[in-house]
Amino acid sequence: MTLAVRIIPCLDVDQGRVVKGVNFVNLRDAGDPVELALAYGQAGADELVFLDITASSANRETTYDIVRRTADQLFIPLTVGGGVRTTHDVDNLLRNGADKVGINTAGLANPELISDASRIFGNQCIVLSVDVRRTSETDSGFEATTHGGRRSSGWDAIAWIKHAVDRGAGEVLLNSMDADGTKNGYDLALIELVRKEVGVPIIASGGAGQLADFAPAVVAGADALLAASVFHFGEISIHEVKAELALHNVTVRA
Amino acid sequence: MSTVVILDYGHGNVRSALRAIESTGVTARITSDFDDALSADGLLVPGVGAFGSCVSALRSVRGDQIIERRLAGGLPVLGICVGMQILFASSTEHADTNNFAGLDQWPGIVRALDAPVLPHMGWNTVRAADNSHMFQGIAQERFYFVHSYGVTSWDLPDHDYLEPPRVSWSHYGEQFVAAVENGPLWATQFHPEKSGQAGLTLLANWVSTFSEKS
């Protein structure tokens, strides 16, 4: 009996549509997040992440509707992040069917949000989402950023993650801005460092480009592996990832 | 058609539970209405968050009485996640000197699991009890767990005149109770409503204990 490493596709949703391009076969509408979510469920995803990248808060109702329609049909865990600013936002997402809520920028601006949300809703549903990049300005050599990696938050990334976990974050979605989009593999040094420092599950994100990239991230300490474009463009299937991990004696859900 | 009530006391992803139960072909509704919850063919008790706040919220809708009376009358109750934990005698979660008291349907203390990474989050296997009805057809499947606390020993003595409870186990750092079938009272530490097709089958197995075949 061993816990399976989770494989998690991430969908970027903007004003109700999946963006960053999706080229999935056999979909009527590749831009519909609900249809794509169900397709990933069929394809063996262990969990799903919706990242709401809508700039304005005016479209929140659209997001709630997508979450609701997805959760009504897909019986695997669903994490929703992006634009979560208050415990009211967390409550709305959970009520509409999200199982976990990702907190990123608003947590950096107001760490009390993480404490409050985890106290009210339980730490198991509060995911610290953090965009990390290398720097010479911090002790660890990594900093937490905002604005999609373009601005420094002033926090050492490792110190911030420890702080947020102490406040009650139950999981860390660790996104490497250096690796993101490179397809050169997950940021193993970063994963190893965070694994040494915190005792909550880590979702590795950023850099997955080929089958060989997945197992090393597990060895480095990741409990779950997130990827977007390699799945969206059909370059790699979830089943292929799981078969590759199994070859490396990593436990996966069949 | 049979009816399942999902007890609404502010603790749990009731929407997913509703849809998952509906997928088994019965009518389901979310309510905290005392009489409705008492008379439904099946009662599902969800639960997320901390043990103490779950028990308090449950008591505030008289959920403890609803469960007690249903069980006295042999009516099915299914507790999920913290909805299972609160059925035990007490919990050490956020407790100072005294443990938080639970509903005490079963002896046992809910305590933090001894594992390097918590919460225990993800898909794990279950060692199903012999002749389990709950796991019929799905004993080899994985189920979705999210919890940091659990019950690591089963302390209810067998009774000569009653059918012994069927206890199923999982392992994460140590052994813990994954599910119990004890007469009309069933419970799972994992989330069947989030465990894909295997979870829906489990819920259908539960529903089949009180729903007439159509």
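Things worth noting here:
- Test result for A:G154, more than 14 Å from every other protein chain (Cβ to nearest Cβ), open to solvent by 20 Å² or more (accessible area, probe 1.4 Å), part of a strand (DSSP E or B) and not charged (D, E, K, R): yes
- Looking only at the stretch A:211-228, and only at residues there that are modelled with pLDDT of 95 or more and part of a loop (DSSP other than H, G, I, E, B), the one that is surrounded by the fewest Cβ atoms within 10 Å (Cβ to Cβ): A:G221
- Selection status of B:G122, on the phi > 0 side of the Ramachandran plot, at pLDDT 95 or above and surrounded by 19 or more Cβ atoms within 10 Å (Cβ to Cβ): yes
- Note on the stretch B:79-106: residues that are open to solvent by less than 30 Å² (accessible area, probe 1.4 Å), outside any loop (DSSP other than H, G, I, E, B) and in contact with a helix residue (DSSP H, G or I) (Cβ under 9 Å, 6 or more places away or on another chain) amount to 7.
- Count of the stretch A:62-87 residues, restricted to those that are assigned to a helix (DSSP H, G or I) and either open to solvent by 20 Å² or more (accessible area, probe 1.4 Å) or among the aromatic types (F, W, Y) (or both), is 6.
- All positions within the stretch A:93-104 that are in contact (Cβ under 8 Å) with a residue 24 or more places away in the chain, within 12 Å of chain B (Cβ to nearest Cβ) and open to solvent by 10 Å² or more (accessible area, probe 1.4 Å): A:L94, A:N96, A:D99
- Taking every residue in the stretch A:149-169 that is touching a residue at least 40 places away in the same chain (Cβ under 8 Å) and pairing it with any residue that is open to solvent by 50 Å² or more (accessible area, probe 1.4 Å), at least 6 positions away or on another chain, the pairs with Cβ-Cβ distances below 6 Å are A:G168/A:N123.
- Number of positions in the stretch B:10-38 that are within 14 Å of another protein chain (Cβ to nearest Cβ), assigned to a loop (DSSP other than H, G, I, E, B) and not β-branched (V, I, T): 5
- If you go through the stretch A:229-254 and keep only what is among the hydroxyl-bearing types (S, T, Y) and part of a helix (DSSP H, G or I), you end up with just A:S229.
- Strands (runs of 3 or more DSSP E) contained in the stretch B:133-214 and holding at least 3 residues touching a Lys or Arg at 6+ places or on another chain (Cβ under 8 Å), away from every other protein chain (no Cβ under 13 Å) and buried (at least 18 other Cβ atoms within 10 Å of the Cβ): B:174-182
- Test: A:E137 is more than 22 Å from A:V80 (Cα to Cα) and either open to solvent by less than 50 Å² (accessible area, probe 1.4 Å) or in a helix (DSSP H, G or I) (or both): no
- Within the stretch A:105-131, considering residues that are part of a strand (DSSP E or B) and out of contact with any Leu (no Cβ under 6 Å at 6 or more places or on another chain), the one nearest to the other protein chains (Cβ to nearest Cβ): A:I126
- So B:D114, is it touching a residue at least 60 places away in the same chain (Cβ under 8 Å) and either part of a loop (DSSP other than H, G, I, E, B) or more than 7 Å from every other protein chain (Cβ to nearest Cβ) (or both): yes
The values are calculated or read from the model by the stated rules, or taken from the named source; none is laboratory data. Quick caveat, the model's predicted, so the values are computed rather than measured. As a convention, Cβ positions derive from the backbone with ideal geometry for all residues, glycine included, and neighbour counts pool all protein chains shown. The accessibility values were calculated without ligands, DNA or RNA, using every heavy atom of the protein model including side chains. Shrake-Rupley method; radii C 1.70, N 1.55, O 1.52, S 1.80 Å.
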